[in-house]
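Remarks on the structure that follows.
The values are calculated or read from the model by the stated rules, or taken from the named source; none is laboratory data. Please read these numbers as outputs of a predicted model, since none were measured by experiment. A quick note on method: Cβ atoms are made from the backbone with ideal geometry, for glycine too, and the neighbour counts reach across all protein chains shown. Areas reflect the complete protein model, heavy atoms only, side chains present, ligands, DNA and RNA absent. Shrake-Rupley method; radii C 1.70, N 1.55, O 1.52, S 1.80 Å.
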Amino acid sequence: MSFLIPPLALLLERFVGYPPLLTARIGHPVMWFGWMIAYMEQRTNTASRAASQRKLAGIVSLALLLLVALVAALLVQQITRSIPLGWLLEMLIATPFLAQKELGRAVEAVADALGVSLAAGREAVSQIVGRDPQALDEAGVSRAAIETLAESTSDGVVAPWFWLVLLGLPGIVLYKAINTADSMIGHLNERYRDYGWAAARLDDVVNFIPARLSAVLVTIACFFMPDASPSKAWGAARRDARGHKSPNSGWPEAAFAGALGFSLGGPRHYDGELDDLPTMGNGDRRLGRYHITRALMLYTMVLNVLLGVSGLLALTIAFLASP
């Protein structure tokens, strides 16, 4: 019955999420990764070391993180598959590594905050992006929220689901460990350029297929959403994704932009410095609260399509496995 784990995990996490009580008492599995990453980084990524030494320290630290994650996942999987209905427990353990509910909530909070004031919108968007919120006007806040929604649709939902389907519980756990490491240390600033090199490169590898799959799912979702264009979604993804600094992030961002007639990306400020990023899509840049709501509608439709695909895949596996 393990073939039911991916669709049921999607369904449960989407509507229930990770209980706040558990977060308060024991933290979240991603937080556990974060604690380990921060502990190793503080002790091995020292300024006194040469660049080559920091790069090696980053590689070793990442390997240790993945080894711990893999051993824990395999141990849990061995236990769950040795007890009656253990696949249900395995499904429950897999759900926190998906981020459908929390992502939607966080982006919706930006739209709600913009309804109060620009200052409130800046504060809300600062919780989900790394750019300088005070440099953003209403359109900038809206673009930041939509860009995060698009990118995180891939690395927060589609990618962990993909690796869960492909490699089971160890797959989704290892993916999330890599993705967490990249988000914490995979930056090009002086502190992390060398130490986070391995995390950033490995994250690029594990997101290569899911990012492009995300663009396909966005394109399909457009068929079920009024005023969304599947042809423009796929066209923008094919045209603009390669221009993005990331080999993967451009695919879901460009697909969202093309689907909704938006223009995303472009120059933005990080730590007081201007980063001149490419533009995704060639539509309207004067975005606001309403446009965030439209993006959330498309996001919901993408989740519906992904659930349908996951369910159909489970039924296919069940049919092929039947005597």
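Only a single item in (1) aliphatic (A, V, I, L, M); (2) in a helix (DSSP H, G or I); (3) in contact with a helix residue (DSSP H, G or I) (Cβ under 6 Å, 6 or more places away or on another chain); (4) open to solvent by 20 Å² or more (accessible area, probe 1.4 Å) is not met by VAL129, and it is number (2).
Evaluate segment 259-272: report whether one residue or more is open to solvent by less than 70 Å² (accessible area, probe 1.4 Å), in a helix (DSSP H, G or I) and touching a helix residue (DSSP H, G or I) at 6+ places or on another chain (Cβ under 9 Å). Yes: segment 259-272 contains one or more residues that are open to solvent by less than 70 Å² (accessible area, probe 1.4 Å), in a helix (DSSP H, G or I) and touching a helix residue (DSSP H, G or I) at 6+ places or on another chain (Cβ under 9 Å).
May I ask you to verify whether TYR299 is at pLDDT 95 or above and surrounded by 23 or more Cβ atoms within 10 Å (Cβ to Cβ)? It is true that TYR299 is at pLDDT 95 or above and surrounded by 23 or more Cβ atoms within 10 Å (Cβ to Cβ).
Residue pairs whose Cβ atoms lie under 8 Å apart, sitting 6 or more positions apart in sequence or on different chains, and linking a residue in segment 1-19 that is within 13 Å of VAL157 (Cα to Cα) to a partner that is surrounded by 17 or more Cβ atoms within 10 Å (Cβ to Cβ) and basic (Lys, Arg), are GLU13/LYS101; ARG14/LYS101; GLY17/LYS101. Out of the residues in segment 186-211 that are at pLDDT 90 or above and aromatic (Phe, Trp, Tyr), state the one that is least open to solvent (accessible area, probe 1.4 Å). Residue satisfying both the conditions and the ranking: TYR195.
Considering ALA144, ALA109, the condition of being over 28 Å from LEU62 (Cα atoms), surrounded by fewer than 24 Cβ atoms within 10 Å (Cβ to Cβ) and small (Gly, Ala, Ser) is satisfied by ALA109 alone. Of the residues making up segment 220-233, those that are within 12 Å of PHE256 (Cβ to Cβ) and open to solvent by 20 Å² or more (accessible area, probe 1.4 Å) are SER229, LYS232. Taken over segment 230-254, the criterion of being part of a loop (DSSP other than H, G, I, E, B) and closer than 19 Å to ARG143 by Cα is satisfied by HIS244, LYS245, SER246, ASN248, SER249.
PRO247 - would you say it is farther than 20 Å from PHE162 by Cα and surrounded by fewer than 24 Cβ atoms within 10 Å (Cβ to Cβ)?
No, not satisfied.
Just one of (1) over 26 Å from ILE5 (Cα atoms); (2) open to solvent by less than 30 Å² (accessible area, probe 1.4 Å) fails for TRP161. It is (1).
Annotation note: Cβ proximity below 8 Å between a residue of segment 38-55 that is over 18 Å from MET184 (Cα atoms) and a residue that is among the charged types (D, E, K, R) and open to solvent by less than 80 Å² (accessible area, probe 1.4 Å) (sequence gap 6+ or interchain) occurs for ALA51/ASP194; SER52/ASP194. Annotation note: of SER154, SER183, the sole residue that is open to solvent by 30 Å² or more (accessible area, probe 1.4 Å), part of a helix (DSSP H, G or I) and of a type in the set (Gly, Ala, Ser) is SER183. The single condition among (1) under 21 Å from GLY196 (Cβ atoms); (2) touching a Leu at 6+ places or on another chain (Cβ under 8 Å) that THR44 does not satisfy is (2).
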